[in-house]
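Trainee: Sending over a structure as structure tokens; questions will come in a sec.
The values are calculated or read from the model by the stated rules, or taken from the named source; none is laboratory data. These figures come from a predicted structure and were not determined experimentally. The accessibility values were calculated without ligands, DNA or RNA, using every heavy atom of the protein model including side chains. Shrake-Rupley method; radii C 1.70, N 1.55, O 1.52, S 1.80 Å.
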Amino acid sequence: MWIRLFRLRARLLRILVPAAVGVSAVIGAGVIAAGRPAVALGAPAADRYVDIASVPRAVLPAIGPDAATGTYTENCGRNLDAHRNADNLVVSPGVTGSAHHIHDYVGNVSTNAMSSNTELAAARTTCVGGDRSTYYWPVLRRLDRMGTDMHAVGGGLDDNMGQILTPSSVVIEYRGNPVSKVVAMPRFLRLVTGDPVALYTGGANVHAQWGCSGYQDRFTTKYAVCPEGSGPTRTLDFPSCWDGLSTDSPDHRTHAVFPTADGLCPHATFAIPQLRITLTYAVPAGVRYAVDSFPEEKRDPSTDHGMFIDVMTDRQTATLVNCLNEGRHCRAA
């Protein structure tokens, strides 16, 4: 439903926004030239930021006797090739620019709105070890500098202003389950974490986890204000309880759901490897930053989200599952 709503909004946006963006650009340039805070670049309200020192540690679930305690880490780079677009292959295949914000990609280098499973399976990848899966999330921008996409779809035309930041670190990690062993996920499984329209929907699917480097297991749904020498982090945890049947569903969520707080998967679902993507950024202390979003979502930190399409081979998947179930800590090579 929300996709139809934003497509309708997009038709109006093409007519109404260009003039407004022009005004914002002029104001923004003036603000920066005067050396004042770049509020014209779309900075969220001050109450959407919180000092990391005030954020409590997360409570981790207890590890049971049948747990899959291993980890499997991949090096898929930091998107130094700037593979970015405003598409969303998981939610809106075949529709270019449907995201109305810019996504960063690692892994499969061919991913765009038009990619087919066959094309994904044949494409090159940035991942060491040959995993052709696609991993993507909305870009983060520093708000004290102008971006180069002020007049582009997903950028200024969709109220996403500021300079895009390349992560200083991207960690792709698969984890087991604290209660049970995991089973293999099917090839071309689609997964979504977070809610890009959290303000519109009321936030039932929010899974944003903002933090700071050096502050392990401290997560907040607000932007974290980090001290000198620490940079903001985003931790994207994906659902890991699969229905055993489908690679996707109409809402892109019901075929794969999150476990309960203690790690249990709901009835009639099976534990699969739990994907965690950890993004770290180098942002000077005191500089405001914001994630890209739909214009109506006002770049709220609770809208942070990520998408995944599994394109591992059967052999790669078996290696992953065995590592997790045997309690080993592995790295793709």
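Trainee: Rounded to the nearest 10 Å², what accessible area does residue 233 show when all protein chains are kept and the probe is 1.4 Å?
Mentor: Accessible surface of residue 233 is approximately 10 Å².
Trainee: Just need the Rg to Rh number for the range 102-180, please, alpha carbons only, Kirkwood Rh.
Mentor: My calculation of the ratio gives 1.08.
Trainee: Note down the accessible area of residue 80, probe 1.4 Å, to the nearest 10 Å².
Mentor: Spelled out: residue 80, probe radius 1.4 Å, area about 130 Å².
Trainee: Carbon and sulfur: what percent of the chain's accessible surface (1.4 Å probe)? Intermediate values should be presented prior to the final figure.
Mentor: Details: 8310 of 14480 Å².
Answer for the chain is 57 percent, counting heavy atoms of protein chains only.
Trainee: OK, next. DSSP beta bridges in the chain, what fraction antiparallel, as a percent rounded to 5?
Mentor: Of the beta bridges lying entirely in the chain, close to 90 percent run antiparallel.
Trainee: Follow-up. Counting C-alpha atoms alone, how compact is the range 207-310: give Rg to one decimal and Dmax as a whole number, in angstrom.
Mentor: Cα radius of gyration and Dmax of the range 207-310 are 16.0, 48 Å respectively.
Trainee: Normalized C-alpha radius of gyration of the range 178-225, against 2.2 N^0.38 Å?
Mentor: 1.57
Trainee: Rounded, prolate or oblate: which one fits the range 81-143, using the alpha carbon gyration tensor with axes a ≥ b ≥ c (rounded when a/c is under 1.5, else prolate when a/b beats b/c, else oblate)?
Mentor: Taking the square roots of the gyration eigenvalues as a ≥ b ≥ c, the range 81-143 is oblate.
Trainee: Rg (Å, one decimal) plus Dmax (Å, integer) for the alpha carbons of the range 192-261?
Mentor: 14.8, 48
Trainee: Hey, any idea what the orientation-averaged projected area of the convex hull of the chain's Cα atoms comes to, in nm²?
Mentor: Details: hull surface 65.8 nm².
Computing the convex hull of the Cα atoms and averaging its projections yields 16.4 nm².
Trainee: What does the helix-only formula give at 222 nm for the chain: each DSSP H stretch with n ≥ 4 adding -39500 (n - 2.57), the total divided by the residues, and the result rounded to the nearest 500 deg cm²/dmol?
Mentor: After summing the helix terms and dividing by residue count, I get -5000 deg cm²/dmol.
Trainee: Could you tell me the accessible area of residue 114 in Å² (1.4 Å probe, neighbours in place), rounded to the nearest ten?
Mentor: Answer for residue 114: close to 110 Å² accessible.
Trainee: Note down the Stokes-Einstein diffusion coefficient of the range 151-274 in µm²/s, whole number, using a Kirkwood radius over alpha carbon pairs, 37 °C, and 0.692 mPa s.
Mentor: Using the Kirkwood radius from Cα pairs, D works out to 195 µm²/s.
Trainee: What full-extension length gain, to one decimal in nm, is calculated for residue 217 and residue 169 as 0.36 nm per residue of separation minus the Cα-Cα distance?
Mentor: 15.6 nm
Trainee: A further question on this structure: With a probe of 1.4 Å, find how much accessible area the chain has per residue, and write the answer as a whole number in Å².
Mentor: 43 Å²
Trainee: Arrange the residues 258, 308 by how much accessible surface each exposes, largest first, with a 1.4 angstrom probe.
Mentor: 258, 308
Trainee: Going by alpha carbons, how many degrees (0 to 90, nearest 10) lie between the helix axis of 314-325 and the longest principal axis of the chain?
Mentor: 80 degrees
Trainee: On to the next question. State whether the range 38-115 is rounded, prolate or oblate according to the following rule on the C-alpha gyration tensor (a ≥ b ≥ c being the square roots of its eigenvalues): a/c under 1.5 gives rounded; otherwise a/b larger than b/c gives prolate, and the remaining case gives oblate.
Mentor: Verdict is oblate for the range 38-115.
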